[in-house]
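Please read the structure below before turning to the comments.
Each value in this text was obtained by applying a stated rule to the coordinates, not by laboratory testing. None of these values were measured; they are calculated from a predicted model. Cβ: placed from backbone, ideal geometry, glycine included. Neighbour counts: every protein chain shown.
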Amino acid sequence: MSTRLACVVFDAVCPRTMAHFWAELLGWEVTVERAVAVDVAAPDPDAPDVSLTFLATRRGVPDCPLPKNRIHLDLSSRSLDHQGVQVDRALSLGARRVDVGQGEVPWAVLADPEGNEFCVLEPREQYVDTGAVAAIVLDTRDPRRLADFWSAASGWPLTHDGEHYAGIRAATGQGPWLEFLRTPDAPGDRGRLHLDLIAFPADDPASEAARLQAAGALPVGPGIPPANGPVVVLADPETNEFCLLQR
């Protein structure tokens, strides 16, 4: 048994504005627009991309700068020219350049209109067939430990395991990678992004929740509200909260 990685969920002060920013940037579409959440997905319903959901936050906008998120998106590019076009497009839509201590690197680090970091990567061979989102990246103190947990959760096999990062990807070899980047000072706050998993139709969500806890997931109290219907809120071994939803 396993669950399916369904979407990346953003806490958003203005879900509609955020959804339209990301839809325009990725060339995707707003698929469902509700009062409390807006969904964005690739235009091809059979595409292997993981969708995005923008969920109205119950938290106000703080006066102080927001801490760096634990999770961010890496966007792919086909060439250096395409990378430049992607960066210019993001800036024209309302993104801004940010410094998270990256130094001199070949990728561009930006933040969306509500301050969520993302990277526009230079062309890389391993991302040529991922679609617009190359990778969903989690900061972690122990990449292999977290990769093993999420491999068990999603059914995606471990594809690379190095000193500084590990990664998993669907066995089909399609869609984005889920990568785990060693970050000794990984932020303590859960940040404004989380993942949603969905149980397969033949599986009982309660049994899946029990399986995930046996694999190392931690039960959470009220926690984050699930974007697409409440089932259970859990946290991975490094306390990244996620929702397990019924199909």
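Things worth noting here:
- Separation of alpha-carbon centers, segment 60-122 and segment 3-28, rounded to whole Å: 15 Å
- Comparing mean-square fluctuations of Ala147, Ala206, Ala132 from a GNM of the chain with C-alpha springs under 10 Å, the top value falls on Ala206.
- Selection from Leu178, Ala6, Ala206 lying farthest towards where the dipole of the chain points positive, charges on Cβ: Ala206
- A cut-off of 5 Å between modelled amide H atoms, ignoring neighbours fewer than 5 places along the same chain, links Tyr165 with Arg182.
- Between Val13 and Leu158, the distance separating the two model label sites (each 7 Å from Cα on the Cα→Cβ line) works out to 4.1 nm.
- Taking the fewest neighbouring Cβ atoms within 10 Å as the starting point, the ordered list for Leu80, Leu181, Leu25 is Leu80, Leu181, Leu25.
- Sorting 6-13, 34-41, 90-97, 114-121 by average packing, meaning the other beta carbons within 10 Å per residue, from highest down gives 6-13, 114-121, 34-41, 90-97.
- Karplus-derived HN-Hα couplings along segment 17-30 (A = 6.51, B = -1.76, C = 1.60, θ = phi - 60°), whole Hz, x at Gly and Pro: 4, 5, 4, 5, 4, 5, 5, 5, 5, 8, x, 9, 10, 6
- Percent of beta bridges antiparallel (DSSP, segment 3-182, rounded to nearest 5): 65 percent
- Electrostatic bookkeeping for Pro237 treats Lys and Arg as +1 and Asp and Glu as -1; over the other residues with beta carbon under 11 Å from its beta carbon, the sum is -2.
- Applying 1/(1 + (r/R0)^6) with r as the Cβ-Cβ distance of Asp142 and Phe200 and R0 = 22 angstrom yields a FRET efficiency of 0.20.
- Highest-fluctuation residue, Ala171, Ala111, Ala23 considered, GNM on the chain with Cα pairs under 10 Å: Ala171
- Per-pair calculated FRET efficiency, R0 = 30 Å: Thr239 and Leu91 via Cβ, rounded to 0.05: 0.35
- Globularity index of the chain, i.e. its alpha-carbon radius of gyration over 2.2 N^0.38 Å: 0.95
- With R₀ fixed at 30 Å, the C-beta to C-beta distance from Ala171 to Leu218 puts the FRET efficiency at about 0.65.
- The charge dipole of segment 3-182, taken about the Cα centre with unit charges on the Cβ atoms of Lys, Arg (+1) and Asp, Glu (-1), comes to about 500 debye, rounded to the nearest 20.
- The length gained by stretching the chain between Asp81 and Val128 to full extension, at 0.36 nm per residue less their Cα-Cα distance, is 15.4 nm.
- Residue of Ser207, Ser51, Ser76 that the Gaussian network model of the chain assigns the largest fluctuation, springs spanning Cα pairs under 10 Å: Ser207
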